[in-house]
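Trainee: Shown below is the structure under consideration.
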């Protein structure tokens with residue numbers, strides 16, 4: 001399954017649309033992009049090649065008013081809308097001259113900024129989803145003193161939280177897996193980000209330390225834990 005995508009150049013120059021914030025997926029509400037979404041699951045199958053662009057297989061995307069150039073980056077499994085142009089009545093060649101011009105000026109394919117944006121969006125979405133999930137789990141853990149709550153952050157990263165309270169103090173135990181739900185390794189940066197997001201949900205008066213145990217019991221090798229002690233809210 002290819003991820004449908006539009007290059008930043010195409011979005012701003014060809015479709016004349018603004019670049020949305022990182023918290024939004026770059027998926028414009030435009031008839032040409034909607035056709036890209038339709039083709040994405042099977043692309044490049046079903047696409048007629050654009051003959052004036054040699055080398056990589058760039059295919060035609062058509063609507064009643066628009067013509068587009070699209071290409072599958074097989075290494076990333078992304079189906080890119082590279083360029084678009086309005087179809088002019090009685091002159092179907094204009095759009096393809098535009099695409100060929102972009103190719104010859106080395107402005108047709110995705111550039112570093114497009115891939116940086118792709119990664120940044122994923123990070124922003126994970127941060128937002130993780131913060132909401134962790135906030136909800138912390139609330140539940142506080143309401144159920146001593147009970148362990150497990151959560152799959154963003155649907156793929158296992159995490160557990162326990163909160164223990166007395167009259168004035170609360171203890172917070174956090175554990176994150178270094179393997180995702182499919183057994184693939186998770187980066188240290190992601191693990192530290194989860195801890196940081198969790199700690200931000202609590203007061204600045206908490207003191208934190210890494211732990212090699214979980215509530216006094218040995219930790220599995222694929223689990224990383226932290227313990228926090230702070231005032232009861």
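The values are calculated or read from the model by the stated rules, or taken from the named source; none is laboratory data. Treat the numbers as computed from the prediction; the structure is a model and nothing was measured. Positions of Cβ are backbone-derived with ideal geometry, glycine not excepted, and every protein chain shown enters the neighbour counts.
Trainee: In segment 52-64, how many are touching a helix residue (DSSP H, G or I) at 6+ places or on another chain (Cβ under 7 Å) and farther than 11 Å from residue 36 by Cα?
Mentor: Going through segment 52-64 one residue at a time, the tally reaches 2.
Trainee: Quick one: how many residues across segment 201-214 are outside any strand (DSSP E or B) and without any contact (Cβ under 8 Å) to a residue 60 or more places away in the chain? Even if it seems obvious, please write down each step before you answer.
Mentor: Kept after step one, since they are outside any strand (DSSP E or B), are these residues of segment 201-214: 201-206, 212.
Cutting the leftovers down to without any contact (Cβ under 8 Å) to a residue 60 or more places away in the chain gives us 203-206, 212.
The number of residues fulfilling the criteria is 5.
Trainee: Now for a different question. Name the single residue, out of those in segment 91-102 being surrounded by 12 or more Cβ atoms within 10 Å (Cβ to Cβ) and in contact with a strand residue (DSSP E or B) (Cβ under 8 Å, 6 or more places away or on another chain), that is modelled with the lowest pLDDT.
Mentor: Only one residue fits best here, namely 94.
Trainee: How many residues are surrounded by 15 or more Cβ atoms within 10 Å (Cβ to Cβ) and not in a strand (DSSP E or B) when one looks only at segment 170-192?
Mentor: Start the filter on segment 170-192 by keeping residues that are surrounded by 15 or more Cβ atoms within 10 Å (Cβ to Cβ), which leaves 170-180, 186, 190-191.
Next, only the ones that are not in a strand (DSSP E or B) stay: 178, 180, 186, 190-191.
Selection size over segment 170-192: 5.
Residue by residue, here is whether (1) in the same structural domain as residue 129 (by TED's automatic domain parsing); (2) closer than 19 Å to residue 110 by Cβ; (3) free of Cβ contacts under 8 Å to residues at least 24 places away in the same chain holds:
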| site | (1), (2), (3) |
| --- | --- |
| 13 | no, yes, yes |
| 44 | no, yes, no |
| 50 | no, yes, no |
| 66 | no, no, no |
| 69 | no, yes, no |
| 73 | no, yes, no |
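Trainee: Take the residues in segment 115-155 that are in a loop (DSSP other than H, G, I, E, B) and touching a strand residue (DSSP E or B) at 6+ places or on another chain (Cβ under 6 Å), then tell me which one is surrounded by the fewest Cβ atoms within 10 Å (Cβ to Cβ).
Mentor: This residue is 146.
Trainee: Spot the failing condition for residue 130; the list is (1) under 17 Å from residue 223 (Cα atoms); (2) touching a residue at least 40 places away in the same chain (Cβ under 8 Å), and only one is missed.
Mentor: Result: residue 130 fails condition (1) only.
Trainee: Then there's this: Just to be sure before I move on: is residue 167 more than 24 Å from residue 27 (Cα to Cα), modelled with pLDDT under 90, out of contact with any helix residue (DSSP H, G or I) (no Cβ under 7 Å at 6 or more places or on another chain) and assigned to a loop (DSSP other than H, G, I, E, B) in the structure I sent?
Mentor: Working: more than 24 Å from residue 27 (Cα to Cα): yes; modelled with pLDDT under 90: yes; out of contact with any helix residue (DSSP H, G or I) (no Cβ under 7 Å at 6 or more places or on another chain): yes; assigned to a loop (DSSP other than H, G, I, E, B): yes.
So residue 167 passes the test.
Trainee: Any residue that is modelled with pLDDT of 95 or more, in a strand (DSSP E or B) and closer than 17 Å to residue 3 by Cα - is there at least one of those in segment 104-114?
Mentor: no
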